[in-house]
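J.: Quick one: the structure is below, and I'll ask about it shortly.
The values are calculated or read from the model by the stated rules, or taken from the named source; none is laboratory data. The model shown is predicted, which means the values in this text are computed figures rather than measured ones. Cβ coordinates were reconstructed from backbone atoms using ideal geometry, including for glycine residues, and neighbour counts include every protein chain displayed. Calculation scope for accessible area: heavy atoms of the full protein, side chains included, ligands and nucleic acids excluded. Shrake-Rupley method; radii C 1.70, N 1.55, O 1.52, S 1.80 Å.
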Amino acid sequence: MIDISLIVATLGRYEEVERLLTSLAQQTIDRRRLEVIIVDQNDSIDLTPIIAIFSKHLAISHIRSTKHGVAFNRNKGLAIARGSIVAFPDDDCTYYADTLERVLDHYQQEPEWVLLLGSVYDRNTNQPVIRRWPKHAIRATPANVFFLYSSITIFSRLRSLLFDERLGAGAPYGSYEDADYVFRALQYGPVQYSPTVQVWHSDLNASLMPPAKIRAYGVGFGAFVAKHFTIYCIAIFIMAVGYHVGMAVKSALFFDAKNTKAHFISITSRVSGVLSFLVHEI
């Protein structure tokens with residue numbers, strides 16, 4: 001019986017996929033309870049050799065996809081997933097050996113939960129990664145869920161809930177498909193955050209992002225806010241824009257042209273995402 005389906009939409013990575021599969025092969029649960037669905041968008045990288053190696057240890061389905069887009073390809077994996085729980089590890093993250101054991105333990109203790117959120121954490125440095133994750137368990141609500149999620153820490157029982165293919169990398173609104181997924185999951189039942197379910201990912205340095213990626217994140221954020229347009233989303237939007245306005249002014253005062261430009265793009269792309277989504281998608 002397959003309990004957990006891990007859907008990996010991958011593009012442009014080889015060694016990172018190998019590290020991820022290594023971490024999955026080291027899980028403390030019986031590996032027969034786990035399947036890995038690799039949705040392969042590559043046209044120049046051949047993942048077949050490493051998939052052949054790890055297929056000796058893991059149940060792996062290797063699907064080719066000619067269409068780029070993280071939401072589209074996660075949905076493609078969801079269409080064939082057999083597990084009662086689905087998750088969406090990035091191709092450059094890794095799981096700790098006890099990650100899936102803790103997920104199953106939580107769900108066994110709380111069968112009414114529809115979605116479990118974990119944290120991104122570096123156990124070598126004992127430091128949270130990406131954000132300051134709460135140190136205690138929290139029931140997610142529309143008011144706090146935006147601060148409790150990452151796509152790689154989603155463990156969902158909502159197998160029929162799909163990603164919005166207008167959002168995310170490779171789509172017109174290039175991010176926040178994961179925030180949208182979690183926000184919609186709240187309609188189906190209890191969503192819980194637990195800091196003890198941990199996944200590793202390298203830290204993200206926003207100052208090193210190219211302008212195109214900053215713009216994609218901003219447009220996706222704006223689209224997410226426009227799609228839901230609750231008081232909570234509007235408040236988050238105001239906080240985010242206010243932060244970038246303040247940082248743009250500070251950077252300008254210190255004659256830091258690069259960061260001034262980056263924060264300006266963050267502001268304009270968020271506003272653009274809201275307006276574009278309201279005009280073209282609603």
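J.: Just to be sure, is residue 100 modelled with pLDDT of 95 or more, open to solvent by less than 10 Å² (accessible area, probe 1.4 Å) and in contact with a strand residue (DSSP E or B) (Cβ under 8 Å, 6 or more places away or on another chain)?
T.: When the stated conditions are applied, residue 100 passes them.
J.: In the list 120, 103, which residue meets the criterion of being among the aliphatic types (A, V, I, L, M) and in a helix (DSSP H, G or I)?
T.: One residue alone meets the criteria, 103.
J.: Looking only at segment 254-274, filter to residues that are under 24 Å from the mean Cα position of the chain (by Cα) and not β-branched (Val, Ile, Thr); which one of those is farthest from residue 237 (Cα to Cα)? Quick ask: steps written out before the conclusion?
T.: To start, the set of residues in segment 254-274 that are under 24 Å from the mean Cα position of the chain (by Cα) comprises 262-263, 265-274.
Add one more test, that the residue is not β-branched (Val, Ile, Thr), and what stays is 262-263, 266, 269-270, 272-273.
Details: 262: 17, 263: 14, 266: 11, 269: 12, 270: 8, 272: 12, 273: 11 Å.
For segment 254-274, the residue satisfying everything is 262.
J.: Then there is this: Across segment 123-149, what is the total count of residues that are part of a loop (DSSP other than H, G, I, E, B), in contact with a helix residue (DSSP H, G or I) (Cβ under 7 Å, 6 or more places away or on another chain) and surrounded by 16 or more Cβ atoms within 10 Å (Cβ to Cβ)?
T.: 1
J.: So for segment 99-115 (the condition being of a type in the set (Phe, Trp, Tyr) and more than 24 Å from residue 24 (Cβ to Cβ)), does at least one residue qualify? Outline the logic, then answer.
T.: Pass one, segment 99-115, residues of a type in the set (Phe, Trp, Tyr): 107, 113.
Within this subset, residues satisfying the condition of being more than 24 Å from residue 24 (Cβ to Cβ) are none.
Looking for residues that are of a type in the set (Phe, Trp, Tyr) and more than 24 Å from residue 24 (Cβ to Cβ), one finds none in segment 99-115, hence no.
J.: Out of 199, 219, I need the residue that is of a type in the set (A, V, I, L, M, F, W, C) and under 25 Å from residue 279 (Cα atoms). Which one?
T.: Values: 199 fails: under 25 Å from residue 279 (Cα atoms).
Just one listed residue meets the conditions, 219.
J.: Which one of these is open to solvent by 10 Å² or more (accessible area, probe 1.4 Å), within 20 Å of residue 11 (Cα to Cα), in contact with a strand residue (DSSP E or B) (Cβ under 7 Å, 6 or more places away or on another chain) and not hydroxyl-bearing (Ser, Thr, Tyr): 178, 203?
T.: 178
J.: Tell me the residue from 252, 262 that is among the hydrophobic types (A, V, I, L, M, F, W, C), part of a helix (DSSP H, G or I) and surrounded by fewer than 19 Cβ atoms within 10 Å (Cβ to Cβ), please.
T.: Within the list 252, 262, the selection yields 252.
J.: So, residue 36, is that one closer than 23 Å to residue 158 by Cα, in contact with a Gly (Cβ under 8 Å, 6 or more places away or on another chain) and either surrounded by 15 or more Cβ atoms within 10 Å (Cβ to Cβ) or not polar (S, T, N, Q) (or both) or not? Give the derivation first.
T.: Values: closer than 23 Å to residue 158 by Cα: yes; in contact with a Gly (Cβ under 8 Å, 6 or more places away or on another chain): no; either surrounded by 15 or more Cβ atoms within 10 Å (Cβ to Cβ) or not polar (S, T, N, Q) (or both): yes.
Answer is no for this residue.
J.: Still on this structure, I have one more. Could you list, in sequence order, all residues of segment 17-30 that are open to solvent by less than 50 Å² (accessible area, probe 1.4 Å) and either charged (D, E, K, R) or part of a loop (DSSP other than H, G, I, E, B) (or both)?
T.: 27, 29 - these are the residues of segment 17-30 that are open to solvent by less than 50 Å² (accessible area, probe 1.4 Å) and either charged (D, E, K, R) or part of a loop (DSSP other than H, G, I, E, B) (or both).
J.: Are any of the residues in segment 163-175 in contact with a helix residue (DSSP H, G or I) (Cβ under 9 Å, 6 or more places away or on another chain), basic (Lys, Arg), open to solvent by 40 Å² or more (accessible area, probe 1.4 Å) and not in a strand (DSSP E or B)?
T.: Yes.
J.: Next question. Suppose we filter segment 181-200 for residues that are open to solvent by 70 Å² or more (accessible area, probe 1.4 Å) and not in a loop (DSSP other than H, G, I, E, B); how many remain? Lay out the reasoning, then the answer.
T.: So the first thing to find is which residues in segment 181-200 are open to solvent by 70 Å² or more (accessible area, probe 1.4 Å), and the list is 187-188, 200.
Within this subset, residues satisfying the condition of being not in a loop (DSSP other than H, G, I, E, B) are 200.
Number satisfying all stated conditions: 1.
J.: Right, next: So, of the residues in segment 58-94 that are out of contact with any Lys or Arg (no Cβ under 8 Å at 6 or more places or on another chain) and in a strand (DSSP E or B), which turns out to be most open to solvent (accessible area, probe 1.4 Å)?
T.: Across segment 58-94, the extreme among qualifying residues is 64.
J.: Given 174, 118, 189, which one is over 16 Å from the mean Cα position of the chain (by Cα), of a type in the set (Gly, Ala, Ser) and at pLDDT 95 or above?
T.: 189
J.: A further question on this structure: Does segment 215-237 contain at least one residue that is open to solvent by 50 Å² or more (accessible area, probe 1.4 Å), closer than 30 Å to residue 99 by Cα and in a helix (DSSP H, G or I)?
T.: yes
J.: Next question, about the same structure. How about segment 31-43: which of its residues are under 15 Å from residue 91 (Cβ atoms) and either part of a loop (DSSP other than H, G, I, E, B) or free of Cβ contacts under 8 Å to residues at least 12 places away in the same chain (or both)?
T.: 41, 42
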